[in-house]
Amino acid sequence: MTNFSSTPYSSLVTRYLIIILGIVASFILPHCLNDYLIFILVTLLINAILALSLNLVNGYMGEFSVGHAAFMALGAYSSAIVSVRLLPGLPPWLLFPCAVLVGGGVASLVGVPLAFLSFKTRGDYLAIITLAFLMIVKSGLENIPYVGGPRGFLGIPRLTTLPWAFLFFLISFWLIRNLVYSKFGRSIEAIREDEIAAEAMGVSTRRAKMIAFIVSSFFAGVAGALFAHQIQFINPSSFDILRSTDILVMVYLGGVASLSGSFLGAGVFTILNQLLQPLGVWRMVIMPLLLVLLMLFRPRGIMGFKEFSWLKPAAGQRPAVKSKE
């Protein structure tokens, strides 16, 4: 007897039903909830994009990057320049997508050199390189008067709304999901398991790394653009090592190599961060403690290497890794 819940048709219906409900809710909720709750929901979606993009490198590819906030900063500043300095006369419905895409594009271009560096370094060495990259970006922004220097960038229009945030989250989630379950995704996972063996079996590991870093940095830039047009003010200190640490916490809390885990980790982190605000400085003690307990009892995270069945392709439809000629 066929189990309808596991059929491709059921998964397809579930996907489109969730998408439609999410779109409808993104337009209705702003009229039902106060501005504070809408701010939290938008923040959750931005954090989810950050967690998804970093999970592609740290989870699926098995690298360890700690400079994700640098790509977020590049996306935030470049998009702010577009909306404030370059194209302020455009209508918001056209200006905002242009600014977000420019932010993601600039971040992805800067991610290319890091992809080249990952050809020769892994693990702790790559972590040191990405940390140095984060410090270079932060220091550079502090010394560029055109973007406000250490005082920050002022006058950014508030263009990030719940429908826009959900739309960009949906695009990010779907594109990364399709990448993960493509032949490139199989190559990326092969690198995580054993890069030398993958190379010996004919996997183009350099191409897989390049694609992973470019896609990851692009969507980090998109998240940065959404963040800049949400709070309307950015400065270099908004993108320091603590910001990168927060993103790492979301990834490893939700679960490595899990798309739904990234969203779950972003949701838990965002809500806990708001609930613990009255505790003041003790919040910075409780949050790391919760992460330590999680690593002790569930080191892979809540949904590490697991996925909801409706997100997976049907059995036999996932392509195999294509070897080099």
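Nothing in this text is a laboratory measurement; each read-out follows from the coordinates by a stated rule. Everything numeric here is computed off the predicted structure, so don't read it as measured data. As a convention, Cβ positions derive from the backbone with ideal geometry for all residues, glycine included, and neighbour counts pool all protein chains shown.
Structure data summary
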read-out: Least to most buried among HIS31, HIS68 (fewest other Cβ within 10 Å first); value: HIS31, HIS68
read-out: Positive dipole terminus of the stretch 11-311, leading residue within PRO88, PHE305, LEU33 (C-beta point charges); value: PRO88
read-out: For the chain, built as a Gaussian network whose Cα springs stay under 10 Å, the top-fluctuating residue of ILE28, ILE49, ILE271; value: ILE28
read-out: Shape of the stretch 207-303, Cα gyration tensor, a/c cut at 1.5; value: oblate
read-out: Ranked THR160, THR14, criterion: other C-beta atoms within 10 Å, fewest first; value: THR14, THR160
read-out: Once the Cα gyration tensor of the stretch 11-311 is diagonalised, semi-axes √(5λ) in Å; value: 28, 23, 21
read-out: Pairs from LYS120/LYS312; LYS138/LYS306; LYS138/LYS312; LYS209/LYS306 whose Cα-Cα separation, in the structure shown, is over 29 Å; value: LYS120/LYS312; LYS138/LYS306; LYS138/LYS312
read-out: Charge dipole magnitude, Cβ of K and R +1, D and E -1 - the stretch 11-311, Cα centre, debye nearest 20; value: 200
read-out: Among LEU170, TYR181, ILE128 - extreme Cα towards positive end, dipole of the stretch 119-199, charges at beta-carbon; value: LEU170
read-out: Alpha-carbon centroids, the stretch 14-80 and the stretch 162-195: separation in whole Å; value: 14
read-out: Within-14-Å neighbourhood charge of LEU114 [Cβ basis; K, R +1; D, E -1]; value: +3
read-out: Taking the stretch 11-311 and dividing mean pair separation by its residue count, relative contact order in percent (alpha carbons under 8 Å, at least six apart); value: 33
read-out: Spin-label zone in the stretch 143-165 - amide nitrogen under 15 Å from a point set 7 Å from the Cα of CYS98 along the C-beta vector; value: 157
read-out: Surrounding net charge for PRO236, when Lys and Arg each add one and Asp and Glu each subtract one, Cβ distance under 9 Å; value: -1
